[in-house]
1. Tell me which residues, restricted to segment 509-523, are within 16 Å of the ligand (Cβ to nearest atom) and not in a loop (DSSP other than H, G, I, E, B).
2. When you go through (1) out of contact with any Leu (no Cβ under 7 Å at 6 or more places or on another chain); (2) open to solvent by less than 10 Å² (accessible area, probe 1.4 Å); (3) not in a helix (DSSP H, G or I) one by one for V565, which number turns out not to apply?
3. Please work out if V340 is farther than 24 Å from S197 by Cα and either among the hydroxyl-bearing types (S, T, Y) or in contact (Cβ under 8 Å) with a residue 40 or more places away in the chain (or both).
4. Which ones in segment 207-231 are in contact (Cβ under 8 Å) with a residue 60 or more places away in the chain, away from the ligand (no atom under 16 Å from the Cβ) and open to solvent by less than 10 Å² (accessible area, probe 1.4 Å)?
5. Considering only segment 581-610, how many residues are part of a helix (DSSP H, G or I) and touching a Phe, Trp or Tyr at 6+ places or on another chain (Cβ under 6 Å)?
6. Take F548 and decide whether it is away from the ligand (no atom under 16 Å from the Cβ), in contact (Cβ under 8 Å) with a residue 40 or more places away in the chain and over 22 Å from G403 (Cα atoms).
7. If G435 meets every condition in (1) farther than 21 Å from F545 by Cβ; (2) touching a Ser or Thr at 6+ places or on another chain (Cβ under 8 Å); (3) assigned to a loop (DSSP other than H, G, I, E, B) apart from one, which number is that one?
8. Keeping to segment 327-355, report how many residues are touching a helix residue (DSSP H, G or I) at 6+ places or on another chain (Cβ under 6 Å) and either open to solvent by less than 10 Å² (accessible area, probe 1.4 Å) or modelled with pLDDT under 95 (or both).
Amino acid sequence: MSKSLPYSVKDVNYDNAKFRHRSPLKVLSQSMLTLSTKRNYASCSTGKFLILILIFGIGCLLLISKGPNDSAPNEKGKVTFVGGLRLGKLLRKPPRLPPRLSPDEGQLRANGSNSDPKWAARQQSVKDAFDFAWSGYRKYAMGYDELMPISQRGVDGLGGLGATVVDALDTAMIMGHDHIVSEAGAWVEAHLLERISQKDQVNLFETTIRVLGGLLSAYHLSGGDQGTVNMTHNGPKPDVYLNVAKDLADRLLSAFSSSPTPVPYSDVILRDSTAHPAPGGMSSTAEVASVQLEFNYLSAVSGDPKYSTEAMKVLAHIKTLPKTEGLVPIYISPQSGEFVGENIRLGSRGDSYYEYLIKVWLQQGGKLNSDFTYLHDMYTEAMKGVRHLLVHKSIPKGLVFVGELPYGSKGEFSPKMDHLVCFLPGTLALGATKGLTKEKALAENLLSFEDLENLKLAEELAKACFEMYEVTATGLAPEIAYFHTEAYSEDGLEGGNKSSMYAKDIIIHQADRHNLLRPETVESLFVLYRITKDTKYRDQGWQIFEAFEKYTKVKTGGYTSLDDVTEVPPRRRDKMETFFLGETLKYLYLLFGDDSVIPLDKFVFNTEAHPLPIKHT
Ligand code: DMJ
């Protein structure tokens, strides 16, 4: 294999030679060679010379008359033609052969077309599900954080800011549910500022990702930020959302200013803008490192740098702390600024630390050699660490999963994987292609060795995440799964679907059999579909959606969490989490829809699925 290839064919299942650079001179001399061996009429040297001139002339003409293919999108997405300097430009930058898709891939793309009525109908089903979820919430719980659909009432589990209203708002905008945008928007305008000024304790992270993130996304999608996007004419003016966001963020800033280190406290008392550590004193690593997308965007649109400055200090500080091959413990102390304990995992309390490293870098323009390159470096090192220390294969069927190191890298490996880890396939794929399709990224030679490794891992992990659903009797994943390995096995704890070929690979403990309507797997299916165009991700998403419809829908309105996904009928809990409307249904809707809606190279989704625009640099 040629050393000039940027990566080894062994790592990926396509032929890199198809995408290798060839200089125009090489193309020409190769054509000459082919011609002269195939035909005999160029035997005299004058003849060869004339043919050379002829081919060179035709080549020049072809390059100059390339026309519409030689176009480039301008900043606002309109296409302008790059005329004039074409020849010089092409001579400077050698043309490359277009990537050839395997017949399979070509088929996948054709079937995955957004004009396909099958997917349009499925997308409509998700839109109807959102309407049904909202109708239950509106009827029984309007203004509460969450709906308890079985007891038909509301509950304030997140501090009482009407979290479902704000989490659902941008999903309604994206789906074009105008009446819901009006209802939710009117509620925000009439009540939210007052609530914020009166409420007691909230969690910095949860309030930032759900409420602040939701407000900022609603601001953008309703035409704020110089009207780059305007998905709705319903609801209040964009500035209403922005003003509430500023008021909320001003209070949340106390978590940063009260702490003696750059690591913020976990809890804020909204009404008097004070803050304190969580009981036990520690903050979660994921929590302190997953507020930056929101604070950065607020600074950008408000013109006040203070939000971004405070939030980014956390990441700059974490950069200086010792790590294990880029991996970090799940607790950090705001008092000392140091990590606490050795528990390393990409599940709860660890997850979105890794997600924000790459997403904040992308949000800030995704450039190497910028002030934010350190984030890309931290992410790259961490993903290498994941591949080296946390990725294992199950037996007997070889599912690739990400486990945990509860006692650090010197302690024993645990084959436990939270459903929360299923954000990782999507993040890995996004980080690899920077939101472009795999086809485009390959054609433009944009993928490094690391990117290709990460993309491959993304696809393997997405399979394990999907099988966590397939293996259960309900077709819905448990909160936590264990994987059968050489070192770890337990009998009699299968998911209930005996016909699953992974029934022996996946072990589900009694205590972990609940399902909270979580989004991570469908989030990854959505990102992987956009990036690979492989329709299997849509099919899998549809299967999951159907299982939600079958087992979690509550007749009187709304959807509910379940107690045990391994039993049919499953025992039900009594809670519709806000992220079912904010994330799960949004990602499913986007999975079945047109790629041009919230394109991945123009937006980053915060960890609660609220899209924020990528900064133009
Ligand atoms: C959401 O609130 C966010 O996605 C967060 O990062 C993790 N957990 C939930 C959804 O499962």
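1. D512, N515, E520, T521, V522, E523
2. Among (1) out of contact with any Leu (no Cβ under 7 Å at 6 or more places or on another chain); (2) open to solvent by less than 10 Å² (accessible area, probe 1.4 Å); (3) not in a helix (DSSP H, G or I), V565 violates only (1).
3. Against the criterion (farther than 24 Å from S197 by Cα and either among the hydroxyl-bearing types (S, T, Y) or in contact (Cβ under 8 Å) with a residue 40 or more places away in the chain (or both)), V340 qualifies.
4. H220, L221, G224
5. 5
6. Criteria not met by F548.
7. (2)
8. So the count comes out to 11.
The values are calculated or read from the model by the stated rules, or taken from the named source; none is laboratory data. Not measured: the values here are computed from a predicted model. With ideal geometry, Cβ positions are generated from the backbone for all residues, glycine too; neighbour counts draw on all protein chains shown. Ligands, DNA and RNA are excluded from the accessible area calculation, which covers all protein heavy atoms including side chains. Shrake-Rupley method; radii C 1.70, N 1.55, O 1.52, S 1.80 Å.
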